[in-house]
2 protein chains.
Amino acid sequence: MQSVERLVLLGTGLISGSFALALKRARLVKRVAGVGRSLENLERAVELGVIDEASTDAAQAVIGADLVLLGTPVGQMGKLMQQIGPNLSANCIVTDGGSTKQDVCALFREYLPQQLSTCVPGHPIAGSDLSGASAAQFGLYEGRRVVLTPLAEGAAPAVERVRELWQACGAIVYEMDAAQHDGIFSAVSHTPHLLSFAYMNSVLDRYNAEQCLDFAASGFRDFTRIAGSHPDMWRDIALANREAILQDLRSNVTQMTQLIELVESGDGVALTQYIQRASQARIEWGKPKKGSL
Amino acid sequence: MQSVERLVLLGTGLISGSFALALKRARLVKRVAGVGRSLENLERAVELGVIDEASTDAAQAVIGADLVLLGTPVGQMGKLMQQIGPNLSANCIVTDGGSTKQDVCALFREYLPQQLSTCVPGHPIAGSDLSGASAAQFGLYEGRRVVLTPLAEGAAPAVERVRELWQACGAIVYEMDAAQHDGIFSAVSHTPHLLSFAYMNSVLDRYNAEQCLDFAASGFRDFTRIAGSHPDMWRDIALANREAILQDLRSNVTQMTQLIELVESGDGVALTQYIQRASQARIEWGKPKKGSL
């Protein structure tokens, strides 16, 4: 397989850094440039060998690149595309690691209209509550899934190139429509994050919040792990995938209203059935094959 | 410290079994009898050395006991108290491991009115989605918290005895009012369980539920771990702590309604603040001291 000559990471963090590390280990990249706003983070990335050179100037950095990975929160991607557009070589492939895809497709169309044949929207499913270059790790993508949502304007060879690079990182690559992607990830990722934020804030609103938190144990720990996620990233996701998320949040309010009625009514049989449905499905999901994700 | 002569577990599972194992290791119990409804589970408990003898007859088993631990879901405790009442010796201490305390206090008063001076309601904070005797483990209570909610009618020596036995299991023992206990645990344990059930059911209601579950990853895994919990146990908790839980569920609906308005309005600054509040508190909570629970 052909190596990448110059990979440019726009945003140097967990997702982009781990991609660079995996390609380096596979000897599939010659030089990695990392762009970011925090000099401290960039220095750390150089020290850790995640990137070979650091820059705060995206437009400058992409000169001569054959692969650009947008690894910032989605809210920053439009501006970055605007900056790099004039300096991209015609063959340079531009892909991203954003958690929402309809909006990224729209950004590509708006800001890189001349480049669309080599733009490949993507989403590596390897979330973490950690962030920054120091969170980048070898092997992050081993056995993980990456979803590509190719543009109608995209050229097949560009999509194939991105696919083979992710596969070289150990990932399993899927393709689907951007709207389908956003519906699925609203359901199983975005909405649970927002529910976890809302729950955490409801505890903080209590008059005895401190005492409650003092007695919180392992159930609380796991349920709220994702509430510790990065505010900017999740604001961007919430706004970018607004319609799907609103639908799911409303359906959760409906579910909770039903549950409140069940608890109020004291109907033990119906309450058991309600819990059993959730419990059985969760146990089934957790069985080896899928739980290993 | 004086050994327990005959410990009887009413319900032989994770909580009661791990208590028996800890006392055995500390050489603080001479004989352990396990009562249950499933012969298979009781046989397993004997094989594993959790109990020394098995019975399906609670009334018979408590004869000669100096300590009885009610380790069933709270919904079964009243009937068991009724059965054992006539056969309890006057000095026998009766304690429990139920997750709700106001209702257990009421059950003690209703079904064991002659025994109240030696009844000690308790709650070991060591939940798990596992259950049954085979889930019992040495060391489960090392560094864990146990909350006792002594009855006004209780005698201090009985409370002290239960305290020292839990401490011998490695636990840190707290005392508080039963209503205070139920408010705190509704907030940090019961309500998150119900939210996790409701969320899981909302995913199952989707037309593409299977595909969604197929792409669910680590955030989903942790957020829904407690949705796999035991339906009977959680039905009992939901009904036993109904008032506190309804209040918390309603306050979560209010939170979610606010969040829906924020997402709808597209107000990025307010949304960031909303997420930041939750995120900072969760990160703070997770720092070594408390996260180790």
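Tabulated data for the structure shown
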read-out: Residue match in the range A:49-56 (condition: closer than 15 Å to A:G13 by Cα, modelled with pLDDT under 95 and outside the structural domain of A:S189 (by TED's automatic domain parsing)); value: no
read-out: Flag for A:V159 being touching a helix residue (DSSP H, G or I) at 6+ places or on another chain (Cβ under 7 Å), more than 9 Å from every other protein chain (Cβ to nearest Cβ) and among the β-branched types (V, I, T); value: no
read-out: Unmet requirement for B:H181, which otherwise passes all of (1) in contact with a Ser or Thr (Cβ under 8 Å, 6 or more places away or on another chain); (2) under 27 Å from A:Q273 (Cα atoms); (3) modelled with pLDDT of 95 or more; (4) crowded, with 21+ Cβ neighbours inside 10 Å; value: (2)
read-out: Helices (runs of 4 or more DSSP H) (entirely within the range B:198-281) containing at least 2 residues that are more than 7 Å from chain A (Cβ to nearest Cβ); value: B:209-215, B:231-240, B:242-265
read-out: Number of positions in the range A:76-110 that are among the basic types (K, R) and under 19 Å from A:A65 (Cα atoms); value: 1
read-out: Qualifying residue in the range A:50-58 (condition: assigned to a helix (DSSP H, G or I) and not charged (D, E, K, R)); value: yes
read-out: Filtered residues of the range A:59-82 (kept if of a type outside the set (S, T, N, Q) and in a loop (DSSP other than H, G, I, E, B)); value: A:V62, A:I63, A:G64, A:A65, A:D66, A:G71, A:P73
read-out: B:S18 vs. criteria within 21 Å of B:W166 (Cα to Cα) and among the hydroxyl-bearing types (S, T, Y); value: yes
read-out: Search result, residues across the range B:166-197 that are more than 10 Å from chain A (Cβ to nearest Cβ), part of a helix (DSSP H, G or I) and either touching a Cys at 6+ places or on another chain (Cβ under 7 Å) or closer than 22 Å to A:Q211 by Cα (or both); value: B:W166, B:Q167, B:A178, B:A179, B:D182
read-out: Residue in the range A:143-153 that is surrounded by the fewest Cβ atoms within 10 Å (Cβ to Cβ), counting only those that are at pLDDT 95 or above and either in a loop (DSSP other than H, G, I, E, B) or hydroxyl-bearing (S, T, Y) (or both); value: A:A152
read-out: Of the criteria (1) under 21 Å from A:A135 (Cα atoms); (2) modelled with pLDDT of 95 or more, which one A:Q76 fails; value: (2)
read-out: Qualifying position, being in contact with a Lys or Arg (Cβ under 8 Å, 6 or more places away or on another chain), modelled with pLDDT of 95 or more and not small (G, A, S), among B:T272, B:T254; value: B:T272
read-out: Residue, surrounded by the fewest Cβ atoms within 10 Å (Cβ to Cβ), within the range B:17-28, restricted to residues that are in contact with a helix residue (DSSP H, G or I) (Cβ under 9 Å, 6 or more places away or on another chain) and not in a loop (DSSP other than H, G, I, E, B); value: B:L23
read-out: Matching option when the condition is in contact (Cβ under 8 Å) with a residue 12 or more places away in the chain and surrounded by fewer than 24 Cβ atoms within 10 Å (Cβ to Cβ), among A:V4, A:V68, A:V8, A:V50; value: A:V4
read-out: Test for A:S279: is it hydroxyl-bearing (S, T, Y) and crowded, with 21+ Cβ neighbours inside 10 Å; value: yes
read-out: Of the criteria (1) in contact with a Gly (Cβ under 8 Å, 6 or more places away or on another chain); (2) assigned by TED's automatic domain parsing to the domain that holds A:R25; (3) part of a helix (DSSP H, G or I), which one A:V159 fails; value: (1)
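For (1) free of Cβ contacts under 8 Å to residues at least 24 places away in the same chain; (2) under 19 Å from the mean Cα position of the chain (by Cα); (3) outside the structural domain of A:G97 (by TED's automatic domain parsing), each residue gets a yes or a no:
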{"site": "A:V188", "(1), (2), (3)": "yes, yes, yes"}
{"site": "A:S196", "(1), (2), (3)": "no, yes, yes"}
{"site": "A:S218", "(1), (2), (3)": "yes, no, yes"}
{"site": "A:W234", "(1), (2), (3)": "no, yes, yes"}
{"site": "A:D267", "(1), (2), (3)": "yes, no, yes"}
{"site": "A:A278", "(1), (2), (3)": "yes, no, yes"}
{"site": "A:P288", "(1), (2), (3)": "yes, no, yes"}
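Residues checked against (1) touching a Cys at 6+ places or on another chain (Cβ under 8 Å); (2) in a helix (DSSP H, G or I):
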position	(1), (2)
A:K30	no, no
A:G34	no, no
A:V46	no, yes
A:S99	no, no
A:F108	yes, yes
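The values are calculated or read from the model by the stated rules, or taken from the named source; none is laboratory data. Just so you know, these numbers come straight off a predicted model, no measurement behind them. Don't worry about glycine lacking a Cβ; one is built from the backbone with ideal geometry, like all the others, and counts go over all protein chains shown.
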